[in-house]
1. Take the cross-link list K33/K62; K103/K142; K69/K96; K36/K133; K33/K133; K62/K82 and give me the ones stretching past 24 Å between alpha-carbons.
2. Output the antiparallel fraction of DSSP beta bridges having both residues in the chain, as a percent to the nearest 5.
3. By how many nm would the segment from D92 to S60 lengthen if fully extended, with 0.36 nm per residue of separation less the alpha-carbon distance?
4. Please list, ordered by chain and number, the residues whose modelled amide H lies under 5 Å from the amide H of V140; skip anything fewer than 5 residues away on the same chain.
5. Using per-residue counts of other Cβ atoms within 10 Å, averaged over each peptide, order 70-76, 114-120, 132-138 from highest down.
6. How high is the relative contact order of the chain, given as a whole-number percent (alpha carbon pairs under 8 Å, six or more residues apart)?
7. Per DSSP helix of 4 or more residues, -39500 (n - 2.57); summed, then divided by the residues of the chain. What does that give at 222 nm, rounded to the nearest 500?
8. Which is farthest toward the positive dipole end of the chain among S126, H81, I34, measuring Cα position about the Cα centre, with Cβ charges +1 (Lys, Arg) and -1 (Asp, Glu)?
Amino acid sequence: MVYNAIVGQSGGPTAAINSSLAGVIDTLIRSDKIGKVFGAVNGIEGILSENIIDLENTFSNKDNINLLKLTPSSYLGSCRHKLPADNGENDDTYEKIFNIFEKNNIKYFFYIGGNDSMDTVMKLNSYSVSHGKNLVVMGVPKTIDNDLWGTDHCPGFPSAAKYVATSV
């Protein structure tokens, strides 16, 4: 069975966040394992409010993917919404998210951002595993802080370093 994918952006709109988005969209559109490619407008808040858009029509054109790579800000919009702890008391929030994923046949969730975004990725993955959900959750780092564990350098770091070097 072919499943759909969704991608969201979170945190500050660095110069690298849309380049990361372009890479995710381009790869998903070209995959024969992915049906539709959706975007979550304003990150996890967009998922919670079901503000989801179809990205395939806009980005099936390679010129639009290339333009997105060079576009500053955050194409899908961003948020700084933190999910509650998965301690059994907040299942309503998680169940709402997973019901929306199931309704849209979404099995793959990509989230582009920094520390708080990776916290959301960790919480959704943990909930998925502990509750037998069929969701693959992937974090896509973009932070300028270059402080995500397990990464040599994050895509946003060189843009921040270039800005500081140019300013000095």
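1. Values: K33/K62 20 Å; K103/K142 29 Å; K69/K96 32 Å; K36/K133 20 Å; K33/K133 19 Å; K62/K82 34 Å.
Pairs exceeding 24 Å: K103/K142; K69/K96; K62/K82.
2. Numbers: 3 of 20 bridges.
Antiparallel: roughly 15 percent of the beta bridges in the chain.
3. Numbers: separation 32, 0.36 × 32 = 11.52 nm, distance 3.55 nm.
Computed gain between D92 and S60 is 8.0 nm.
4. Correct list: Y111, I112, G113.
5. Values: 70-76: 16.4, 114-120: 20.1, 132-138: 14.3.
Top to bottom by mean Cβ count within 10 Å: 114-120, 70-76, 132-138.
6. Details: 306 pairs, mean separation 45.9, N = 168.
The normalised contact order for the chain reaches 27 percent.
7. On the way: 7 runs with 74 residues, N = 168.
Mean residue ellipticity, 222 nm, calculated: -13000 deg cm²/dmol.
8. The residue sitting most towards the positive pole is I34.
The values are calculated or read from the model by the stated rules, or taken from the named source; none is laboratory data. Everything quoted here is computed from the prediction, not taken from an experiment. Don't worry about glycine lacking a Cβ; one is built from the backbone with ideal geometry, like all the others, and counts go over all protein chains shown. When the accessible area is computed, the model is the full protein with side chains, heavy atoms only, and any ligands, DNA or RNA have been set aside. Shrake-Rupley method; radii C 1.70, N 1.55, O 1.52, S 1.80 Å.
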